[in-house]
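The values are calculated or read from the model by the stated rules, or taken from the named source; none is laboratory data. Computed from a predicted structure; not experimentally measured. With ideal geometry, Cβ positions are generated from the backbone for all residues, glycine too; neighbour counts draw on all protein chains shown.
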Amino acid sequence: DQQVKQNSPSLSVQEGRISILNCDYTNSMFDYFLWYKKYPAEGPTFLISISSIKDKNEDGRFTVFLNKSAKHLSLHIVPSQPGDSAVYFCAASAKETSGSRLTFGEGTQLTVNP
Amino acid sequence: DTEVTQTPKHLVMGMTNKKSLKCEQHMGHRAMYWYKQKAKKPPELMFVYSYEKLSINESVPSRFSPECPNSSLLNLHLHALQPEDSALYLCASSPWGTSGRAAQYFGAGTRLSVL
């Protein structure tokens with residue numbers, strides 16, 4: 001049972017435009033969500049997180065939105081840059097099942113074209 | 001500084017070899033993790049150490065043996081691996097033990113090939 005789903009395996013956008021990456025979850029116990037970026041042959045890099053008590057968190061060009069009723073979160077990157085081209089993983093954790101256990105989605109390959 | 005250092009970067013071993021992967025962090029983090037990642041798949045949790053004690057073992061085969069000598073170091077001892085164990089092995093750390101809530105910071109990984 002895949003509890004965190006990223007339904008788009010890939011996304012292509014033009015430089016300067018907005019990139020929107022989506023993630024859905026099924027486990028209502030999840031209360032902390034994270035986004036990671038991964039380049040080939042490197043480990044995932046933490047980008048931004050959000051607690052379930054918030055519906056938005058912003059850090060520079062990156063904004064994460066959380067819609068608890070829909071069990072949906074999204075990552076907005078504005079403006080997109082070619083260096084943002086990477087695989088993006090959504091992850092979630094639930095305090096009751098150990099706050100440190102992350103459940104990852106399958107990832108979305110973002111390509112930003114110059 | 002959010003650096004987690006893993007050595008070696010690449011490792012090729014035969015099925016009868018014994019080798020170790022090493023991970024080091026100097027951020028004062030109290031939880032450390034081993035993950036396995038196959039190509040085009042998300043990381044899979046293997047082990048979690050919280051305050052230097054093993055707190056999670058995700059039913060990993062005994063040919064993988066973790067060790068946490070101190071709060072900064074994490075090892076993964078490998079013995080009698082199978083070709084299907086070939087993968088990217090990632091180490092991560094987070095500030096608090098497993099009761100805390102914080103991001104995990106990953107190393108660059110060790111690319112392991114089992115022949």
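Note on region B:47-74: residues that are within 14 Å of chain A (Cβ to nearest Cβ) and either closer than 12 Å to B:Ser94 by Cα or surrounded by fewer than 20 Cβ atoms within 10 Å (Cβ to Cβ) (or both) amount to 11. Strands (runs of 3 or more DSSP E) fully within region B:37-111 that include at least 1 residues being touching a Cys at 6+ places or on another chain (Cβ under 9 Å): B:44-50, B:53-57, B:73-79, B:87-94. Filtering region A:53-74 to residues that are of a type in the set (A, V, I, L, M) and within 14 Å of another protein chain (Cβ to nearest Cβ) leaves A:Ile53, A:Val64. Taken together, A:Ile18, A:Ile53 contain a single residue that is in contact with a strand residue (DSSP E or B) (Cβ under 7 Å, 6 or more places away or on another chain), surrounded by fewer than 18 Cβ atoms within 10 Å (Cβ to Cβ) and over 22 Å from B:Pro43 (Cβ atoms), which is A:Ile18.
Being hydrophobic (A, V, I, L, M, F, W, C) and either under 12 Å from the mean Cα position of the chain (by Cα) or in a strand (DSSP E or B) (or both) is the filter here, so list the residues in region B:12-36 that pass it. Answer for region B:12-36, where residues must be hydrophobic (A, V, I, L, M, F, W, C) and either under 12 Å from the mean Cα position of the chain (by Cα) or in a strand (DSSP E or B) (or both): B:Val12, B:Met13, B:Leu21, B:Cys23, B:Ala31, B:Met32, B:Trp34. The numbered conditions (1) at pLDDT 95 or above; (2) buried (at least 18 other Cβ atoms within 10 Å of the Cβ) are all true for A:Glu58 except (2).
A:Ser98 passes every criterion in (1) exposed (fewer than 15 other Cβ atoms within 10 Å of the Cβ); (2) at positive phi; (3) at pLDDT below 95 apart from (1). Among the residues of region A:4-29, those identified as in a loop (DSSP other than H, G, I, E, B) and within 14 Å of the chain's Cα centre (by Cα) are A:Gln6, A:Asn7, A:Ser8, A:Pro9. Of the numbered criteria (1) more than 11 Å from chain B (Cβ to nearest Cβ); (2) of a type in the set (S, T, N, Q); (3) surrounded by 18 or more Cβ atoms within 10 Å (Cβ to Cβ), the one A:Ser93 fails is (1). Scanning region B:1-43 for residues that are surrounded by 13 or more Cβ atoms within 10 Å (Cβ to Cβ) and charged (D, E, K, R) returns B:Lys19, B:Lys22, B:Glu24, B:Arg30, B:Lys36, B:Lys41. Taken together, the criteria place A:Val64 among residues that are over 30 Å from B:Asn57 (Cα atoms), part of a strand (DSSP E or B), of a type in the set (Val, Ile, Thr) and out of contact with any His (no Cβ under 7 Å at 6 or more places or on another chain).
Of all the numbered requirements in (1) surrounded by fewer than 16 Cβ atoms within 10 Å (Cβ to Cβ); (2) assigned to a strand (DSSP E or B), A:Tyr36 misses one, and that requirement is (1).
Here is the figure for region A:11-52: residues that are farther than 14 Å from A:Leu66 by Cα, away from chain B (no Cβ under 11 Å) and among the hydroxyl-bearing types (Ser, Thr, Tyr) total 2. Taking the listed residues B:Ser71, B:Ser86, B:Ser59, B:Ser94, the one that is at pLDDT 95 or above and either of a type in the set (S, T, N, Q) or farther than 22 Å from B:Ser113 by Cα (or both) is B:Ser86, with no other qualifying.
Of the residues contained in region A:48-59, one or more are found to be assigned to a strand (DSSP E or B), of a type in the set (Val, Ile, Thr) and closer than 22 Å to B:Val4 by Cβ.
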